Amino acid sequence: MKLANRLAAVKPSPTLSLNAKARALAAQGKDVLSFAAGEPDFDTPAHIKDAIKASLDAGFTKYTATGGIPELKAAIVEKLKRDNALSFAPEQVVVTVGGKQALYNAFQALLSPGDEVIIFSPYWVSYPDMVRLAHGVPVIVETRAETNWTPDPAALRRALTPRTKAVIFNSPSNPTGALIAREALAALAHELRDSEAVLITDDIYERLLYVPGPFVNVANAAPELADRTLVVNGFSKAFSMTGLRLGYAAGPKALIAGMQMIQDQSTSNAASVIQKGAVAALTGPTTAVDEMVKAFARRREAMTGGLNRIPGVSCRLPDGAFYCFPDVSGLLGKRYKGTVIDGSMKLSEILLDDFLLAAVPGAPFGAEGFIRLSFATSDANIEKGLARFADCAAQLS
Ligand SMILES: Cc1ncc(COP(=O)(O)O)c(C=O)c1O
């Protein structure tokens with residue numbers, strides 16, 4: 001069967017396929033340790049599940065407005081004011097099927113063929129492909145570990161063209177865990193003052209922060225550009241609701257209306273009962289989330305410390321999210337059972353196949369020489385996994 005040309009421009013998500021391979025090995029009874037997942041290992045907080053169950057029992061199972069129930073939009077408006085000092089009207093908010101759909105719809109609504117989107121690398125694997133699916137052109141601007149992955153304003157300036165439609169900020173970042181400081185965000189935004197680019201701030205890891213706050217996004221750092229900033233956020237990471245698929249975007253009225261139009265003709269509303277759960281998430285107690293963040297903070301130290309003890313590996317302490325992103329270039333070029341490890345992809349393959357450890361190669365994130373390990377797994381698993389990684393490193397020659 002001849003499928004659409006647009007499929008040729010995109011690749012399957014490497015994280016999802018790696019997880020699928022790890023699950024298949026586990027199903028064969030193998031003791032696989034997965035550091036590949038992009039989701040918290042904690043249960044969804046009880047008050048959120050209770051709200052979902054209660055709304056289900058109350059028969060809240062019909063279509064809702066495409067852009068979300070008024071109660072949830074009001075809670076999001078309030079959250080953006082309380083946590084982010086940003087002011088939006090309810091019609092500037094759209095509730096989506098995960099943060100992913102918010103981003104997807106934003107590109108569909110914004111881009112005409114050939115329009116460019118600036119993406120800092122290392123980047124979340126889905127950004128470039130989502131841009132391509134909207135017939136846009138991803139323009140990659142590299143950042144470096146030595147500067148804690150902070151983008152260089154001059155590099156951003158060089159990448160800008162009259163076709164630049166958007167620039168994506170993701171801090172704390174997947175995959176690096178790095179935070180971009182307020183001053184750096186302001187300097188980057190300054191470069192965009194004469195363009196018409198939309199600033200997209202993907203704040204999905206906002207709550208998972210291990211350095212002193214408060215969390216600052218580009219709209220806070222450059223208030224003069226706040227009226228062309230699209231804030232994307234969701235419930236997956238902060239509230240451990242990955243499978244429940246709920247996110248949102250807030251931004252310029254016309255863009256939000258365009259995104260809602262795309263959603264009208266694709267998925268319609270996000271699941272009714274999950275929207276009720278999201279209201280509980282935003283208005284209820286924060287104890288469970290605080291406990292989760294505390295556990296992540298402890299594990300981040302354990303994992304970073306353990307990685308730095310492996311010869312050939314060096315890792316910065318991540319500021320946020322739940323990923324360590326070590327430099328493994330000291331292991332590349334070595335041999336394992338006669339095979340040269342010619343890149344992060346090969347290293348990940350060996351780690352999974354022979355040491356039953358799933359870690360995502362850096363190459364698909366635009367960062368060859370690195371791998372991503374999630375510390376959203378138990379302390380015991382981290383200890384065991386690090387021992388397997390060290391064992392692998394020791395067997396290279
Ligand atoms: C940087 C980033 N943005 C957005 C998302 C989307 O998350 P969700 O669609 O589950 O809300 C993810 C998930 O992995 C992510 O890592």
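The values are calculated or read from the model by the stated rules, or taken from the named source; none is laboratory data. Given the structure is predicted, the values throughout are model-derived calculations rather than measurements. Neighbour counts are summed over all protein chains in view; Cβ atoms, including those assigned to glycine, are modelled from backbone coordinates with ideal geometry.
Taking (1) touching a strand residue (DSSP E or B) at 6+ places or on another chain (Cβ under 7 Å); (2) not assigned by TED's automatic domain parsing to the domain that holds LEU111 in turn, ASP353 satisfies each apart from (1). Candidates are the residues of the stretch 216-253 that are within 15 Å of the ligand (Cβ to nearest atom) and surrounded by fewer than 19 Cβ atoms within 10 Å (Cβ to Cβ); the one that is farthest from GLY320 (Cα to Cα) is GLY243.
Looking across the stretch 148-159 at every residue that is on the phi < 0 side of the Ramachandran plot and either part of a loop (DSSP other than H, G, I, E, B) or within 15 Å of the ligand (Cβ to nearest atom) (or both), the one that is surrounded by the fewest Cβ atoms within 10 Å (Cβ to Cβ) is identified as ASP152. Apart from one condition, PHE88 fits all of (1) within 15 Å of the ligand (Cβ to nearest atom); (2) outside any helix (DSSP H, G or I); (3) within 24 Å of ILE180 (Cα to Cα); the exception is (1).
If you check PHE365, PHE325 for being hydrophobic (A, V, I, L, M, F, W, C), touching a Cys at 6+ places or on another chain (Cβ under 8 Å) and within 16 Å of the ligand (Cβ to nearest atom), only one passes: PHE325. Evaluate the following for PRO162: is it in a loop (DSSP other than H, G, I, E, B), buried (at least 20 other Cβ atoms within 10 Å of the Cβ) and either within 16 Å of the ligand (Cβ to nearest atom) or of a type outside the set (D, E, K, R) (or both)? The answer is no for PRO162. Checking the stretch 131-147 against the condition returns a match, with at least one residue being surrounded by 23 or more Cβ atoms within 10 Å (Cβ to Cβ), within 16 Å of the ligand (Cβ to nearest atom), of a type in the set (A, V, I, L, M) and under 19 Å from the mean Cα position of the chain (by Cα).
Do we find a residue being assigned to a loop (DSSP other than H, G, I, E, B), of a type in the set (Phe, Trp, Tyr), under 15 Å from ASN84 (Cα atoms) and more than 13 Å from the ligand (Cβ to nearest atom) anywhere in the stretch 198-213? Give the derivation first.
If we filter the stretch 198-213 for residues that are assigned to a loop (DSSP other than H, G, I, E, B), which is where we start, we get 203-208, 210-213.
Pick out the ones that are also of a type in the set (Phe, Trp, Tyr) and you get 205, 210.
Checking which are under 15 Å from ASN84 (Cα atoms) leaves us with 205.
Next, from what is left, pick out any that are more than 13 Å from the ligand (Cβ to nearest atom): none.
No, because not a single residue in the stretch 198-213 is assigned to a loop (DSSP other than H, G, I, E, B), of a type in the set (Phe, Trp, Tyr), under 15 Å from ASN84 (Cα atoms) and more than 13 Å from the ligand (Cβ to nearest atom).
Residues in the stretch 116-130 that are in a helix (DSSP H, G or I) and under 29 Å from SER314 (Cα atoms) were compared, and the one that is farthest from the ligand (Cβ to nearest atom) is PRO128.
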